[in-house]
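The values are calculated or read from the model by the stated rules, or taken from the named source; none is laboratory data. Please read these numbers as outputs of a predicted model, since none were measured by experiment. Reconstructed Cβ throughout: ideal geometry from the backbone, glycine too, with neighbour counts over all protein chains shown. Accessible surface areas use protein heavy atoms only, side chains included; no ligands, DNA or RNA. Shrake-Rupley method; radii C 1.70, N 1.55, O 1.52, S 1.80 Å.
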Number of protein chains: 2
Amino acid sequence: MAKLLETPTPPRPSTSIQDYLKRIYELTENGQPASTNDLARELNVKPASVTGMIQKLAAEKPALVAYQKHQGVTLTPAGKTAALEVIRHHRLLETWLVQTLGYSWDEVHEEAERLEHVISEDFENRIAAALGHPLRDPHGELIPTADLTMPLDESIPLSALRKDQSGKILCVKAPDSGLLRHLTQLGLTPNTFIEVTDYSPYDHNLTVKVKDKTHVLGLNITSKILIEGK
Amino acid sequence: MAKLLETPTPPRPSTSIQDYLKRIYELTENGQPASTNDLARELNVKPASVTGMIQKLAAEKPALVAYQKHQGVTLTPAGKTAALEVIRHHRLLETWLVQTLGYSWDEVHEEAERLEHVISEDFENRIAAALGHPLRDPHGELIPTADLTMPLDESIPLSALRKDQSGKILCVKAPDSGLLRHLTQLGLTPNTFIEVTDYSPYDHNLTVKVKDKTHVLGLNITSKILIEGK
DNA sequence: AAAATAATTTAGTCATGGCTAAATTATTAG
DNA sequence: CTAATAATTTAGCCATGACTAAATTATTTT
Ligand SMILES: [Mn+2]
Ligand SMILES: [Mn+2]
Ligand SMILES: [Mn+2]
Ligand SMILES: [Mn+2]
């Protein structure tokens, strides 16, 4: 109970900075730097504001982002750690809200978006333990570990499957709750088994069988559903 | 499920304003206006900053506080409602942290102090329902009702009891967690039965019997323990 | 290779909510 | 009643993180 050798916890970045770092993490997961415009769109902020913030983050010591004018922005190791901290909070909170307060997966995002910045490390540890240290959140997104590393993602997009291939849905990357509710209707939720029965090379539509129902899905949907790698 | 006739929820006051209103509520519970200095101390802010904020709150339309120079400040009805909203959040959160995450009553305050500003009304409703719409928080403080009225407080301070009087502890108003832990040691927690076996008129010490143990308590403690009114 | 368009950055502004130092007003003591 | 002290307010400043408008740089088209 007594706290010996208490590390003088460094102050947490501001809410705004945490949100910037999180978005930069997400936008750079594909290996490409994040553009000013993309960040502005994701953060609901004007491009000029993004430039200002990026310059500040690059000037911090240690720098949180690497940046050269007109070249987009990437996270430094320090920035990545800070981003993973926020993402861990966010995904644990979403899981917690669904498990203990009966939120549905299309309702949790906004709540977590605000709570993620104010919970203590103690709170984080308590919900992680209470949930049994879950690996994925309600959408199937991987939860960064307590030591702030992101587990290896072994999933492949449904859009990469072809006729007669099948697998378990691991994750649904839906940007808005409307799509999430639609997918719930279709039964396309994590841990569900799915089978591709047809593929149309012209429009990339996939015909899939889920729970005895058949649906024809466009690329806009199939690219956002991730299947367990074989 | 469909939200008809959605009221265009007025934007919530800033975190700072919420904290000011809450402290003003607490400091004026005795009927007296709150002084600039007292507010500054409670809010960990300089008196000059308090004056600035108070003037802003008095200028809002509708005004949240009533204020005349050098006379201290009180809440208007609008300010009181806003204060009760924050207090309801705070006390429901403390209750919820204790009930569902195993926090002890001396650990919850700081966490609730930050969460109270960011939870949604939906979140508030969900935890209130999950807890069975509790009347009091872990310290025994009354929780404002959902329609934002404060229930009538029928308690009397332990310091008002005399030899051979007794009652149940309703509430412990302890400012710091050190005192809370001390009281836990002594068994002086809400819902505990307590009996006064002696009173010293010179130093106002009370001798009390709790759970077969006897303690001599000074006014500094007895004035902070509230007993169920007879 | 220009010209047109798109993306990004700069410059200047604003709101919020702190701060210090100095001035003012109230209260208390002699 | 006056002087000292305490409380409060004013004035001016700063950091944060938005914004708009204008300038600049990159990318596409013709
Ligand atoms: Mn957020
Ligand atoms: Mn954390
Ligand atoms: Mn607070
Ligand atoms: Mn509320």
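State, to one decimal in nm, how far the label point of A:ASP147 lies from the label point of B:LYS173, with both points 7 Å from Cα in the Cβ direction.
Simple spin-label model gives 5.0 nm for this pair.
Determine the dipole magnitude for the protein assembly as shown: charges of +1 sit on the beta-carbon of Lys and Arg, -1 on that of Asp and Glu, nothing else is charged, the reference point is the Cα centre, and the result goes in debye to the nearest 20. All intermediate terms of the calculation are to be shown ahead of the outcome.
Numbers: 50 positive and 60 negative charges, 105 e Å.
Here the size comes out at about 500 debye.
Tell me the accessible surface of A:THR74 in square angstrom (1.4 angstrom probe, heavy atoms of protein chains only), to the nearest ten.
50
Looking only at the stretch B:7-31, which residues have a backbone nitrogen under 17 Å from a spot 7 Å from the Cα of A:SER16 in the C-beta direction?
Only B:14-16 pass the distance filter.
So for the pair A:LYS69, B:LEU219, with labels modelled 7 Å out along Cα→Cβ, what separation do we get in nm?
Taking the simple label geometry, A:LYS69 and B:LEU219 are separated by 7.1 nm.
Could you rank B:VAL86, A:VAL98 by how accessible they are, 1.4 Å probe, largest area first? Walk me through the intermediate numbers first.
Values: B:VAL86 5, A:VAL98 40 Å².
The residues order as A:VAL98, B:VAL86, largest area first.
Among rounded, prolate and oblate, which fits chain B when a ≥ b ≥ c are the square roots of the eigenvalues of its C-alpha gyration tensor, a/c under 1.5 means rounded, and a/b larger than b/c means prolate? If you can, show how the numbers build up before the last one.
On the way: a/c = 2.25, a/b = 1.44, b/c = 1.56.
Oblate, because a/c is 1.5 or more while a/b does not exceed b/c.
Would you list, by chain and number, the lysines whose Cα falls below 18 Å from the Cα of A:LYS69, excluding same-chain residues fewer than 8 positions away?
Within the straight-line cut-off, A:LYS69 pairs with A:LYS46, A:LYS56.
In the protein assembly as shown, if every C-alpha pair distance is counted and binned at 20 Å from zero, what percent goes to each bin?
19, 45, 27, 8, 0
Counting heavy atoms of the protein chains only and a 1.4 Å probe, report the per residue accessible area for the protein assembly as shown as a whole number of Å².
Accessible area per residue, the protein assembly as shown: 54 Å².
Using a 1.4 Å probe and counting only protein heavy atoms, arrange B:ILE24, A:ILE221 so the residue with the most accessible area comes first. Spell out each step's value before the answer.
Details: B:ILE24 0, A:ILE221 35 Å².
Correct descending sequence by accessible area is A:ILE221, B:ILE24.
With every protein chain present, what accessible area does A:THR15 have (1.4 Å probe, heavy atoms only), rounded to the nearest 10 Å²?
70
Top mean-square fluctuation among A:PRO157, A:PRO201, A:PRO190, Gaussian network model of chain A, C-alpha springs under 10 Å?
Evaluated over chain A, the most mobile residue of the options is A:PRO201.
Counting residues in the stretch B:155-228 as N, plug N into 2.2 N^0.38 Å and put the Cα Rg over that result.
Numbers: Rg = 10.9 Å, N = 74, 2.2 N^0.38 = 11.3 Å.
Relative to the rule-of-thumb radius for its length, the stretch B:155-228 sits at 0.97.
Quick one: pull the percent of accessible area on the stretch A:1-100 belonging to carbon and sulfur, 1.4 Å probe, ligands and nucleic acids left out. Show your work: numbers first, answer last.
Values: 3140 of 5900 Å².
That share works out to 53 percent.
At 0.36 nm per residue, minus the direct Cα-Cα distance, what do B:ILE156 and B:GLU26 gain on full extension? Give it in nm, one decimal, please.
Length gained, B:ILE156 through B:GLU26: 45.1 nm.
In the stretch B:117-136, which residues become less accessible by 50 Å² or more once every protein chain is in place, relative to the chain on its own, using a 1.4 Å probe?
Checking the loss per residue gives B:VAL118, B:PHE123, B:ARG126.
Quick one: helix A:121-130 against the long Cα principal axis of chain A, what's the angle to the nearest 10°, folded into 0 to 90?
30
Can you sort B:PHE123, A:PHE193 by solvent-accessible area, 1.4 Å probe, largest first? Let's see the in-between values first.
Details: B:PHE123 5, A:PHE193 115 Å².
Order by accessible area, largest first: A:PHE193, B:PHE123.
Could you tell me the relative contact order of the stretch B:15-75? Use alpha-carbon pairs under 8 Å, at least six residues apart, and round to a whole percent. Provide the component values of the computation, followed by the final result.
Details: 62 pairs, mean separation 21.0, N = 61.
Reported as a whole number, the value is 34 percent.
Of B:GLY132, B:GLY218, B:GLY79, which is the most mobile in a GNM of chain B whose springs link Cα atoms less than 10 angstrom apart?
B:GLY132
What accessible area, in Å² to the nearest ten, does a 1.4 Å probe give for B:SER16?
60
Show me, bin by bin at 5 Å from 0, the whole-percent P(r) of the stretch B:15-75 based on Cα pairs.
4, 21, 36, 28, 10, 1
To the nearest 100 Å², how much accessible surface do chains B and A cover up together, summed over both, with a 1.4 Å probe?
Details: alone 13210 and 13250 Å², together 24970 Å².
Result for this pair: about 1500 Å² buried.
Could you work out the relative contact order of chain A? I mean the mean sequence separation of Cα pairs under 8 Å and 6+ apart, divided by the number of residues, in percent. Don't jump to the answer; show the numbers that get you there.
Values: 329 pairs, mean separation 32.7, N = 230.
For chain A, the relative contact order is 14 percent.
Quick one: dipole size for the stretch B:155-228, taken about the Cα centre, charges +1 on Lys/Arg Cβ and -1 on Asp/Glu Cβ, in debye to the nearest 20.
Working: 9 positive and 7 negative charges, 28 e Å.
Its charge dipole is roughly 140 debye.
Tally up the carbon and sulfur contribution to the accessible surface of the stretch A:172-230 as a whole percent, 1.4 Å probe, everything protein left in place.
Details: 1730 of 3390 Å².
Ligands and nucleic acids excluded, carbon and sulfur give 51 percent.
With n ≥ 4 as the cut-off for DSSP H runs, can you work out [θ] at 222 nm for chain B, using -39500 (n - 2.57) per run divided by the number of residues, rounded to the nearest 500? Intermediate values should be presented prior to the final figure.
Working: 8 runs with 91 residues, N = 230.
Per the formula, -12000 deg cm²/dmol.
Under a Cβ-Cβ cut-off of 11 Å, what is the net charge of the residues other than A:PRO138 that fall near it, where Lys and Arg count +1 and Asp and Glu count -1? Numbers along the way, then the final one.
On the way: positive: A:ARG91, A:ARG136; negative: A:GLU94, A:ASP106, A:GLU107, A:ASP137, A:GLU141.
Charge balance in the 11 Å sphere: -3.
For every other residue with a beta carbon closer than 15 angstrom to the beta carbon of A:VAL73, add +1 if it is Lys or Arg and -1 if Asp or Glu, then tell me the sum. Don't skip to the answer; put the middle values down first.
Numbers: positive: A:LYS22, A:ARG23, A:ARG41, A:LYS56, A:LYS69, A:LYS80; negative: A:ASP19, A:GLU26, A:GLU29, A:ASP38, A:GLU42, A:GLU60.
The answer is 0.
Express the relative contact order of the stretch A:104-228 as a whole percentage, based on alpha carbon pairs under 8 Å and six or more residues apart in sequence. Working shown, then result.
Numbers: 180 pairs, mean separation 32.7, N = 125.
That works out to 26 percent.
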